[in-house]
Amino acid sequence: MENELKGLQVYKFGGASVKDAAAILNLCRIVRDFGPQGPLLIVVSAMGKTTNALEEIYDLAYHGRDYSAQLTALKNYHQLAHEALCHQLAKYAQRFGTEHSPIKIFDELSQKLTHILGSSNYDEGYDQIVSYGETISAHIVADALASFELSRTVFWQPASHVIQTNSTWREGRVDWKATEREVRDSANTLFDSSNTIVVTEGFIGGTADGRTTTLGREGSDYSAAIFAYCLRAESVTIWKDVPGLLNADPKIFPDTVRYPEISYQETIEMAYYGASVIHPKTLKPLADRQIPLRVKSFVDPAAEGTLIHDCQHPPLAPAFIRKTGQVLLSLESKDFAFISEENLEVIFGALAQARLKINVMQNSALSFSVCLDGEPTRLAQAVAALRTQFKVQYNEGLTLFTIKNYTPGSIAQLLAGRSVLLEQRTRSTFQVVVKE
């Protein structure tokens with residue numbers, strides 16, 4: 001297999017790049033015109049906003065409410081894209097594949113939804129239903145590539161069969177040893193020549209006993225890194241609707257700057273603080289095996305993009321990172337005792353038990369404050385546990401801004417006209433929680 005997979009590249013296409021027939025045809029053209037001559041593994045996300053729609057459908061089904069209108073709308077959305085591809089690809093020699101029609105997959109999804117009501121574990125059920133978005137998308141993309149003018153063999157590989165995780169539902173933890181074995185065994189079978197393309201799902205894994213898991217919201221980037229790590233890929237390319245890794249979201253901040261190249265370390269820190277271009281877990285497996293990551297535009301695929309690798313560079317332009325939906329949780333001891341190490345152990349234990357991610361923390365003699373991602377069910381669990389020992393107050397609907405490599409001017413620009421609830425800075429990072 002080592003000889004067959006020499007030069008393997010991994011491409012990842014997100015929801016916007018597969019949102020409809022036109023987008024999927026653009027993906028096919030990118031593979032044809034800019035793809036490698038050697039073996040290629042393509043990881044795809046769910047189409048458009050499908051994951052959001054499936055989350056709503058699942059929640060309605062779980063609580064015994066009617067979801068038929070939402071499911072029909074989602075089915076029609078995929079079927080229209082499939083029919084448009086059939087029409088567009090009719091001019092090519094091969095007929096567009098119908099083996100994996102969305103109708104058949106939606107029939108299977110409908111059957112699963114009928115058994116959701118009353119299931120004991122909400123998060124486990126979530127993984128079984130919401131994962132269908134990536135599965136449908138991967139089938140459609142694989143069929144489109146097989147029908148396009150590529151003269152290449154195209155296979156579909158279910159990710160749940162090869163990415164092995166534990167049963168931490170909605171955030172499966174990868175069993176790296178088992179996953180590498182399964183991925184490489186599968187590659188031995190599928191990559192029978194350097195002319196092969198394999199399409200698989202992002203976001204999805206599976207337990208040893210065959211139950212589907214997910215890797216965390218926006219986890220398709222991480223999937224691409226897992227496959228690249230296991231197959232010792234030459235490179236990974238993430239195709240986005242931006243010209244590369246920018247210092248800020250152009251929808252929010254004017255005059256953004258593209259980083260032509262950036263180190264693994266800088267990018268990991270930006271991702272940790274919430275930069276949306278790269279999933280936080282993506283960089284470590286790539287850095288471990290020195291696999292370069294490229295961020296390129298599917299709108300302008302010939303453009304340079306950004307190269308993320310092991311490099312040294314001069315000081316970077318300040319990076320502005322915004323995370324919405326935040327909660328500021330403030331705790332005080334009930335008996336005016338200091339916030340001691342024993343208190344902190346209780347606090348961190350309750351937050352870890354509820355699986356809440358701390359984005360900023362700050363303490364004084366009698367109080368401790370944390371900024372968290374605002375997941376209502378998990379927040380309620382943590383608050384209930386903490387109220388036995390602490391006075392608890394919290395504010396919801398907040399925004400956390402982080403400036404990496406800040407300057408006085410960048411801080412002044414960010415704070416202008418904003419009401420600050422918490423502020424913190426280190427030598428290179430400035431963070432502020434605000435009510436927008």
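The values are calculated or read from the model by the stated rules, or taken from the named source; none is laboratory data. Here the structure is a predicted model, which is why all the values come from computation and not from measurement. Positions of Cβ are generated from backbone atoms using ideal geometry, with glycine treated the same way; all protein chains shown enter the neighbour counts.
Among the residues of segment 1-60, those identified as assigned to a strand (DSSP E or B) and either β-branched (Val, Ile, Thr) or more than 24 Å from residue 230 (Cα to Cα) (or both) are 10, 42, 43, 44. Residues in segment 162-172 that are in contact with a Gly (Cβ under 9 Å, 6 or more places away or on another chain) and not small (Gly, Ala, Ser): 162, 163, 164, 165, 166, 169, 170, 171. Of the helices (runs of 4 or more DSSP H) contained entirely in segment 102-155, those carrying at least 1 residues that are under 25 Å from residue 224 (Cα atoms) and in contact (Cβ under 8 Å) with a residue 60 or more places away in the chain fall at 122-130, 132-147. Of the numbered criteria (1) more than 19 Å from residue 432 (Cβ to Cβ); (2) at pLDDT 95 or above; (3) more than 23 Å from the chain's Cα centre (by Cα), the one residue 334 fails is (2). Filtering 301, 285, 280, 314 for residues that are touching a Lys or Arg at 6+ places or on another chain (Cβ under 9 Å) and either in a loop (DSSP other than H, G, I, E, B) or more than 30 Å from residue 380 (Cα to Cα) (or both) leaves a single hit, 301. Return a yes/no flag: does segment 5-15 have any residue that is surrounded by fewer than 16 Cβ atoms within 10 Å (Cβ to Cβ), at pLDDT below 95 and either in contact with an Asp or Glu (Cβ under 9 Å, 6 or more places away or on another chain) or of a type outside the set (Phe, Trp, Tyr) (or both). Yes, some residue in segment 5-15 is surrounded by fewer than 16 Cβ atoms within 10 Å (Cβ to Cβ), at pLDDT below 95 and either in contact with an Asp or Glu (Cβ under 9 Å, 6 or more places away or on another chain) or of a type outside the set (Phe, Trp, Tyr) (or both). Would a scan of segment 217-228 turn up a residue that is part of a strand (DSSP E or B) and assigned by TED's automatic domain parsing to the domain that holds residue 36? No: zero hits. When segment 213-239 is filtered for residues that are under 24 Å from residue 375 (Cβ atoms) and either buried (at least 23 other Cβ atoms within 10 Å of the Cβ) or of a type in the set (Gly, Ala, Ser) (or both), the ones remaining, listed by number, are 213, 214, 215, 216, 219, 220, 221, 222, 223. Residue count for segment 314-337, restricted to those that are surrounded by fewer than 20 Cβ atoms within 10 Å (Cβ to Cβ), closer than 19 Å to residue 386 by Cα and polar (S, T, N, Q): 2.
Just checking, does segment 200-223 include any residue being farther than 26 Å from residue 355 by Cβ and either more than 16 Å from the chain's Cα centre (by Cα) or among the hydrophobic types (A, V, I, L, M, F, W, C) (or both)? The answer is no; no qualifying residue exists.
In the set (1) over 25 Å from the mean Cα position of the chain (by Cα); (2) exposed (fewer than 13 other Cβ atoms within 10 Å of the Cβ); (3) at pLDDT 95 or above, residue 340 fails one condition alone, (3).
Among the residues making up segment 245-279, those that are of a type outside the set (S, T, N, Q) and either within 15 Å of the chain's Cα centre (by Cα) or assigned by TED's automatic domain parsing to the domain that holds residue 357 (or both) are 268, 270, 271, 272, 273, 274, 275, 277, 278, 279. Residues of segment 193-210 that are within 17 Å of residue 179 (Cα to Cα) and either outside the structural domain of residue 149 (by TED's automatic domain parsing) or in contact with a Ser or Thr (Cβ under 7 Å, 6 or more places away or on another chain) (or both): 201, 202, 203, 204, 205, 206, 207. Counting only strands (runs of 3 or more DSSP E) that fall entirely inside segment 340-436 and contain at least 3 residues that are of a type in the set (D, E, K, R), the qualifying elements are 390-404.
Here residue 288 does not fit the description of being loosely packed, with under 13 Cβ neighbours inside 10 Å, farther than 21 Å from residue 426 by Cα and at pLDDT below 90. Looking at 142, 159, 146, just one residue is closer than 18 Å to residue 32 by Cα and touching a Gly at 6+ places or on another chain (Cβ under 7 Å), and that residue is 146.
Taking into account only those residues within segment 30-72 that are of a type in the set (Lys, Arg) and without any contact (Cβ under 8 Å) to a residue 60 or more places away in the chain, which is surrounded by the fewest Cβ atoms within 10 Å (Cβ to Cβ)? Step by step, filter segment 30-72, then rank; the result is 65.
Taking the conditions exactly as written (surrounded by 17 or more Cβ atoms within 10 Å (Cβ to Cβ), assigned by TED's automatic domain parsing to the domain that holds residue 124 and out of contact with any strand residue (DSSP E or B) (no Cβ under 7 Å at 6 or more places or on another chain)), does residue 183 satisfy them or not? Against the criterion (surrounded by 17 or more Cβ atoms within 10 Å (Cβ to Cβ), assigned by TED's automatic domain parsing to the domain that holds residue 124 and out of contact with any strand residue (DSSP E or B) (no Cβ under 7 Å at 6 or more places or on another chain)), residue 183 qualifies. When we screen 119, 160 for residues that are under 24 Å from residue 216 (Cβ atoms), polar (S, T, N, Q) and touching a helix residue (DSSP H, G or I) at 6+ places or on another chain (Cβ under 6 Å), the only hit is 119.
Just the residues that are among the basic types (Lys, Arg) and more than 30 Å from residue 191 (Cα to Cα), please, taken from segment 221-277. The answer is 251, 258.
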